[in-house]
Amino acid sequence: MKQNKILLATILAMFVLAVVPMMSAANTMDSPVTGGNYTGTLNISVSVDTNGADNMTNVSCHYNATGGPATTFLAEILNDSHSDLIFENASIVITGLTELATYNISCQIRNLTTLNATVSKATITIDSTDPLCSLVRLSDTIEWKDTQLITWTNTDAVELVSTLVTIDRPEDGADLTDTDANDARTLTSQETKYVGDWTVTLLGTDRPGNTCTETVTFKSTYGDGEIWEAGEPSVDKGKNLLLLIILGVVLWVIFGKKKK
């Protein structure tokens, strides 16, 4: 009975050792990934289950920009040694490819001209250019508590992911923000109750992480063009003193003559 159990355990162990590697081994495309976003260059990495006796010598990759069968040549990757299990090229230039989010990339694993296996990934985004940003402010100078119109647009050839408009107010005014891609915003009198230098910045980001940035500036002043450090207009003591002196001289001339 004991010998039967030992024999059964041995057979089971041999089965596991033989079957598990067959179940886990696979030819895979590790990069790019399904749904991935890429800009500038593309890394293609393919892992093969075996080599050596199977002599996997080269990987030939093709693409289709609109998601159909991949037939347009992209790159060929040769093995570095007889036992290579990873075929990789990390610097395939893709700046000349049409910018779309529907790429299908397929790689054929070969022994020279003999096809061993095919691996592929789909819905890949290729976008190598920055979004387009435009930012305009209506006036380069406004008066204290006056209104200011700011307009902007933010677009991308494939898909814009985020827009951030930051309005940096002077003095102790907290920043104002907006996240609409295309908009016009009028700063109200309550938003412009600060005096000094203003900076407005537009930042746009697309799916692969390309960005565009635009910045405009303007000033807010009190009505005479003066920029005070903080608060509402202070009393100009120098001007008032001069007015008092002039008034005193006029009164002295008038009443002084009458006394004579």
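The values are calculated or read from the model by the stated rules, or taken from the named source; none is laboratory data. On a predicted model such as this, the values are computed, not experimentally measured, just so you know. Virtual Cβ from ideal backbone geometry, glycine too; neighbours counted across all protein chains shown.
A quick yes/no check of all residues on (1) touching a Pro at 6+ places or on another chain (Cβ under 7 Å); (2) in a loop (DSSP other than H, G, I, E, B):
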| site | (1), (2) |
| --- | --- |
| 171 | no, yes |
| 177 | no, no |
| 180 | no, yes |
| 185 | no, no |
| 194 | yes, yes |
| 197 | yes, no |
| 214 | no, no |
| 217 | no, no |
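Touching a Ser or Thr at 6+ places or on another chain (Cβ under 7 Å) and within 25 Å of residue 35 (Cβ to Cβ): does that describe residue 123? Give the steps one after another, and end with the answer.
Values: touching a Ser or Thr at 6+ places or on another chain (Cβ under 7 Å): yes; within 25 Å of residue 35 (Cβ to Cβ): yes.
Taking the combined requirement at face value, the residue satisfies it.
Kindly check whether there is at least one residue in segment 152-160 that is in contact (Cβ under 8 Å) with a residue 60 or more places away in the chain and more than 20 Å from residue 223 (Cβ to Cβ). Steps first, please.
Here is the first cut: in segment 152-160, the residues in contact (Cβ under 8 Å) with a residue 60 or more places away in the chain are 152.
Adding the requirement that they be more than 20 Å from residue 223 (Cβ to Cβ) leaves 152.
Within segment 152-160 (the criterion being in contact (Cβ under 8 Å) with a residue 60 or more places away in the chain and more than 20 Å from residue 223 (Cβ to Cβ)), the answer is yes, since at least one residue qualifies.
Quick one: would you say residue 50 is in the same structural domain as residue 89 (by TED's automatic domain parsing), within 22 Å of residue 82 (Cα to Cα), at pLDDT 95 or above and not aliphatic (A, V, I, L, M)?
Taking the combined requirement at face value, the residue does not satisfy it.
Tally up the residues in segment 84-132 that are in contact (Cβ under 8 Å) with a residue 60 or more places away in the chain, surrounded by 19 or more Cβ atoms within 10 Å (Cβ to Cβ) and in a strand (DSSP E or B), please.
Adding up the residues that qualify gives 8.
Between 224, 236, 197, 206, which is in the same structural domain as residue 158 (by TED's automatic domain parsing), of a type in the set (Asp, Glu) and at pLDDT below 95?
Details: 236 fails: in the same structural domain as residue 158 (by TED's automatic domain parsing); 197 fails: at pLDDT below 95; 206 fails: at pLDDT below 95.
The unique qualifying residue is 224.
Only one residue in 183, 175, 168 is surrounded by fewer than 13 Cβ atoms within 10 Å (Cβ to Cβ) and closer than 30 Å to residue 129 by Cβ, so which one is that?
Numbers: 183 fails: surrounded by fewer than 13 Cβ atoms within 10 Å (Cβ to Cβ); 168 fails: surrounded by fewer than 13 Cβ atoms within 10 Å (Cβ to Cβ).
From the options 183, 175, 168, the qualifying one is 175.
Kindly evaluate residue 164 against the criterion of being in contact (Cβ under 8 Å) with a residue 24 or more places away in the chain, within 19 Å of residue 219 (Cβ to Cβ) and either of a type in the set (Ser, Thr, Tyr) or assigned to a strand (DSSP E or B) (or both). Before you say what the answer is, go through the steps one by one.
On the way: in contact (Cβ under 8 Å) with a residue 24 or more places away in the chain: yes; within 19 Å of residue 219 (Cβ to Cβ): no; either of a type in the set (Ser, Thr, Tyr) or assigned to a strand (DSSP E or B) (or both): yes.
So residue 164 does not fit the description; no.
Would you check which residues across segment 37-70 are surrounded by fewer than 16 Cβ atoms within 10 Å (Cβ to Cβ) and over 37 Å from the mean Cα position of the chain (by Cα) and list them? Spell out the reasoning first.
First pass over segment 37-70, keeping only residues surrounded by fewer than 16 Cβ atoms within 10 Å (Cβ to Cβ): 40-41, 43, 50, 52-55, 58, 66-69.
Residues satisfying the conditions are 50, 52, 53, 54, 55.
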